Amino acid sequence: MRLILLGPPGSGKGTQAELLYRRHGTVSLASGDILREAIRRGDAIGRQANQYMQAGALVPDELVTGILLGHLEGLGKEQPFVLDGFPRTEAQARSLDAKLAEGGLAPIDLVVDFEIDGERIILRLAGRRICGSCGASYHMENKPPREGGRCDRCGEALALREDDRPETIRKRLRVYHEQTEPLLAFYRRKGKLRSVPGDLGIEEQYQALEDLLRRERLV
Ligand code: ADP
């Protein structure tokens, strides 16, 4: 199974990718996590990406594509995977197709769009907290940590993500609308696009996703 999760920020891509991993062992490649990891390491790519991310803008295609496709190369040929947050532009989608073809790898099976409206997103992202040390993601209402304000995995303090401030969220939604939404038509033309509601509870959303994958005979 090779999936792309589309949908605006806050539509649950990362959370659903984690549930897919637990249930089906699909490795998740989350571009945002990979970039934040590069920032934590303080390497050149991280330093370049940081300024764009803090501003709620997209990181330039060459930078993201290089790092993401590098991770893809590291997976075994048969490894099922889920892409979360990549591709986000048509140029990235074309680079991905080229990479899969060139490596003799099977193409993407399905692209899932998690549908949710803008106001719900702002509420959701305002409740999101991440661990500054390991990057684990929580939500104060929907997915709270066991001990208030601390990471379940490593015990470090949780914080609001830099780009989850309301004014930056609005910018990210505009960017999604302008640069990523055109990808829906791109994948619809290829017959690969399906949608799942993104405004359900975590378990209900997962159930809808699982039902879709079953209908498509991917699980
Ligand atoms: P969300 O899906 O909630 O926006 P992510 O963690 O996926 O969160 O992305 C956070 C930020 O990382 C984006 O606003 C953008 O700056 C950068 N980013 C992530 N993936 C990409 C990508 N494929 N292309 C360009 N920038 C990206």
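The values are calculated or read from the model by the stated rules, or taken from the named source; none is laboratory data. Fair warning: this is a prediction, and the values are worked out from it, not measured in the lab. A quick note on method: Cβ atoms are made from the backbone with ideal geometry, for glycine too, and the neighbour counts reach across all protein chains shown. Side chains included, ligands, DNA and RNA excluded: accessible areas come from the protein's heavy atoms. Shrake-Rupley method; radii C 1.70, N 1.55, O 1.52, S 1.80 Å.
Numbers at a glance
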{"quantity": "Segment 24-37 residues that are of a type outside the set (S, T, N, Q), paired with ones that are open to solvent by 20 Å² or more (accessible area, probe 1.4 Å) and within 6 Å of the ligand (Cβ to nearest atom) (beta carbon under 7 Å, 6 or more apart)", "calculated": "35/53"}
{"quantity": "Residue list for segment 1-20, restricted to those being in contact with a Leu (Cβ under 7 Å, 6 or more places away or on another chain) and within 8 Å of the ligand (Cβ to nearest atom)", "calculated": "8, 9, 10, 13"}
{"quantity": "Subset of segment 127-159 (residues that are farther than 16 Å from residue 14 by Cβ and in contact (Cβ under 8 Å) with a residue 24 or more places away in the chain)", "calculated": "132, 156, 157, 159"}
{"quantity": "Neighbours by Cβ (under 7 Å, 6+ apart or cross-chain): first from segment 59-72, closer than 22 Å to residue 163 by Cα; second near the ligand (Cβ under 7 Å from one of its atoms) and of a type in the set (S, T, N, Q)", "calculated": "61/89; 61/92; 64/31; 64/92; 65/92; 68/31"}
{"quantity": "Which listed residue is under 20 Å from the mean Cα position of the chain (by Cα) and open to solvent by less than 60 Å² (accessible area, probe 1.4 Å), from 162, 210, 181, 203", "calculated": "210"}
{"quantity": "Only listed residue being closer than 18 Å to residue 32 by Cα, of a type outside the set (Gly, Ala, Ser), open to solvent by less than 50 Å² (accessible area, probe 1.4 Å) and at pLDDT below 95, chosen from 72, 83", "calculated": "72"}
{"quantity": "Count of segment 92-107 residues which are within 13 Å of the ligand (Cβ to nearest atom) and either in a loop (DSSP other than H, G, I, E, B) or within 17 Å of the chain's Cα centre (by Cα) (or both)", "calculated": "3"}
{"quantity": "Elements of type helices (runs of 4 or more DSSP H) contained in segment 21-83, each with 3 or more residues being farther than 28 Å from residue 110 by Cβ and within 11 Å of the ligand (Cβ to nearest atom)", "calculated": "44-54"}
